[in-house]
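J.: Structure in structure tokens, see below.
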Amino acid sequence: MPENKKTRREVLRDGGRLLALAGAGAALGYAAGSGKKREYVWQLDPYKCIQCGKCATECVLEPSAVKCVHAFAMCGYCELCTGYFEPDAEKLDTAAENALCPTGAIKRSFVEDPYYAYVIDEALCVGCGKCVAGCAKFGNGSLFLQVRHDRCVNCNECAIAKKCPAQAFSRVPADQPYLLKQAAAKKSEPGKAE
Ligand code: SF4
Ligand code: SF4
Ligand code: SF4
């Protein structure tokens, strides 16, 4: 049995914490920014995004301020995760050649038979959206992109927004800076993470 084995309940709980952290990170960025009050920030609508790849290439930051977010509450914990594996993967293991993510930013770990957890290492994620497209094709759509406000410098004109072919970017209130998928948002409310 792998040493890092967690129960499904524990993984769901951690997912709730992750989403709560996302909000905390945003609040921190807001308070620790330029000192000026910002009323609106840029965010992308995950229901409009078509994973064109421009979130990885058009941001003024390198790597992009856009990262993949995982809504654990929506995830099927699939053994064959189409957001994790190349479509023609020879084996369902963690060898780099079988993984869809170009930077190795998705960590796969066994939970309990037949479930596996997928966690994003944001420091490695470049926001390319390949995993998001893979998950949306055959999975539950639990992987999606978001502008992370602990990185975004809130440009007057967002360079990605100008190039986004899906018009997925808009200004959102700075105190509600994330557009989470509905099930994820519901599960991230206090006391509802499990
Ligand atoms: S530029 Fe728009 S469509 Fe392309 S990945 Fe970003 S949000 Fe999605
Ligand atoms: S496939 Fe792209 S968007 Fe998904 S985790 Fe890897 S770098 Fe991030
Ligand atoms: S506002 Fe600027 S830093 Fe933020 S996502 Fe857009 S281009 Fe990147």
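Readers should treat all values here as calculations from the given coordinates under stated rules, not as data from a laboratory. Everything numeric here is computed off the predicted structure, so don't read it as measured data. Every residue, glycine as well, gets a Cβ built from its backbone with ideal geometry; the counts of neighbours run over all protein chains shown.
J.: What is the Å³ per residue value for the convex hull set by the Cα atoms of the range 137-178? Don't skip to the answer; put the middle values down first.
T.: Numbers: hull volume 4.4 nm³, N = 42.
Each residue corresponds to 104 Å³ of Cα convex hull volume.
J.: Then there is this: Run the simple label-point estimate for Tyr40 and Thr57 please: 7 Å along Cα→C-beta, distance reported in nm.
T.: With each label placed 7 Å out from Cα toward Cβ, I get 2.8 nm.
J.: Beyond 17 Å, how much of the Cα-Cα pair distribution for the range 60-135 remains, as a whole percent? Mind dumping the intermediate values first?
T.: Details: 1185 of 2850 pairs.
Counting pairs separated by more than 17 Å, the tail of P(r) holds 42 percent.
J.: I've got another one for you. Identify the trypsin sites (Lys or Arg not before Pro) of the range 67-127 meeting these criteria: DSSP loop state and at most 10 other C-beta atoms within 10 Å of the C-beta.
T.: For trypsin sites (Lys or Arg not before Pro) across the range 67-127 that sit outside H, G, I, E and B with at most 10 neighbouring Cβ atoms in 10 Å, the list reads Lys91.
J.: To continue, here is another question. So which of Lys107/Lys163; Lys48/Lys130; Lys67/Lys162 end up more than 25 Å apart by C-alpha? Don't skip to the end; give the middle numbers.
T.: On the way: Lys107/Lys163 30 Å; Lys48/Lys130 16 Å; Lys67/Lys162 18 Å.
As for pairs spanning more than 25 Å Cα to Cα, those are Lys107/Lys163.
J.: Given H placed on each backbone N at 1.01 Å, which residues far from Tyr116 in sequence or on other chains put an amide H within less than 5 Å of it?
T.: Cys78, Glu79, Val111
J.: Take Thr94, project a point 7 Å from its Cα along the Cβ direction, then tell me which residues of the range 116-135 have their backbone nitrogen under 18 Å from it.
T.: 116-125
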